1. Considering only region 176-200, state which residues are more than 17 Å from the chain's Cα centre (by Cα) and within 20 Å of residue 60 (Cα to Cα).
2. Restricting the first residue to region 208-237 and requiring it to be free of Cβ contacts under 8 Å to residues at least 40 places away in the same chain and surrounded by 12 or more Cβ atoms within 10 Å (Cβ to Cβ), which pairs with a second residue that is of a type in the set (S, T, N, Q) and part of a strand (DSSP E or B) meet a Cβ separation below 7 Å and a spacing of at least six or different chains?
3. Mind checking which residues of region 47-99 are assigned to a helix (DSSP H, G or I) and hydroxyl-bearing (Ser, Thr, Tyr)?
4. Would you say residue 17 is at pLDDT below 95, within 20 Å of residue 107 (Cα to Cα), surrounded by 14 or more Cβ atoms within 10 Å (Cβ to Cβ) and not acidic (Asp, Glu)?
5. Being under 21 Å from residue 110 (Cα atoms) and surrounded by fewer than 17 Cβ atoms within 10 Å (Cβ to Cβ) is the filter here, so list the residues in region 63-96 that pass it.
6. Return the only residue of 148, 120, 96 being modelled with pLDDT under 90, under 25 Å from residue 214 (Cβ atoms) and out of contact with any His (no Cβ under 7 Å at 6 or more places or on another chain).
7. Restricting attention to region 147-172, which residues are of a type in the set (A, V, I, L, M), buried (at least 21 other Cβ atoms within 10 Å of the Cβ) and more than 19 Å from residue 52 (Cβ to Cβ)?
8. Among the residues of region 173-190, how many are among the acidic types (Asp, Glu) and crowded, with 16+ Cβ neighbours inside 10 Å?
Amino acid sequence: MGQIAAIANRFPSIRKALLFGKNDAPAPISRMEFMYPEYEQHDIILRFPRLREFRLKGTIRQHVARYFRTNNFRQLPRLTYHGWLAYLPERCERWGKLRIGDGGDCIRSAVACNPSSIYGKRDSSFVRFTFQRDENENDPDATVNMIGVTGYGRLDFILAVTFPTDQENEIDAPTTHVLAHITEAKDVEGDAAEERISFTKFGRSFVLDITSVKNVAGRVFTRATREAGEWVIIDRSGGICRTDFRVDEHDSDNEDGWAN
């Protein structure tokens, strides 16, 4: 109980939860925020800046087409990769920030970074995400075995792609998919909240559903183990750190160690 009291005293939100319980009321949305109905159950709130007429072209269009090709959605047609390249709308919305409701993180993508601000080029775009990967992807003769994987990378920006009504392809009502454009930390897989994970450079870029983004993570550059240096990932999503109130045994007349 002493640990709970100490933590509650430091974090007002936890103290409020202990006193009044969890608030099930929906998170308030400001004038600078928007929530698509398709993502209400996930508490995904998009935040300005927003570019209404962002052109889907080049490699970004290819990433989005590849995403829809490999994910079969019941309300969307099943097309080849080149079919998706042609079917995707010419324009979509691009958002710069994200808030995960119910006590989740506020995330600022790399595109929303303002170099002239007092924070310089720093942002909160380095994130933890999850996705499904074929465990046997390097063995063409093996059966497909999809497994859940945790990764880390830079959230470049957020896309909201809306497909209009299309009776020919059985789209009865407009539907929106909110996508995260991510550049991964190269060769990083695992949970940095449980083990030490580091990387030296960023790798490929790809698109995932925005619900795959779980929280903000940190990274610290160090040359402690590699002469050329590396980035060590800091992930505190595992919960509140356990406070240790234990004190070494000592005599009543011995005050050594209490100065700290």
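The values are calculated or read from the model by the stated rules, or taken from the named source; none is laboratory data. Computed from a predicted structure; not experimentally measured. Here the Cβ positions follow ideal geometry from the backbone for every residue, glycine too, while neighbour counts run over all protein chains shown.
1. 176
2. 229/222; 230/198; 230/222; 232/198; 232/222
3. Here is the first cut: in region 47-99, the residues assigned to a helix (DSSP H, G or I) are 58-70, 81-87.
Result: 59, 67, 70, 81, 87.
4. Working: at pLDDT below 95: yes; within 20 Å of residue 107 (Cα to Cα): no; surrounded by 14 or more Cβ atoms within 10 Å (Cβ to Cβ): yes; not acidic (Asp, Glu): yes.
Spelling it out, it is not the case that residue 17 is at pLDDT below 95, within 20 Å of residue 107 (Cα to Cα), surrounded by 14 or more Cβ atoms within 10 Å (Cβ to Cβ) and not acidic (Asp, Glu).
5. Selection gives 91 alone.
6. Values: 120 fails: under 25 Å from residue 214 (Cβ atoms); 96 fails: modelled with pLDDT under 90.
Answer to the check: 148.
7. Listed by number, the list holds a single entry, 155.
8. Selection size over region 173-190: 1.
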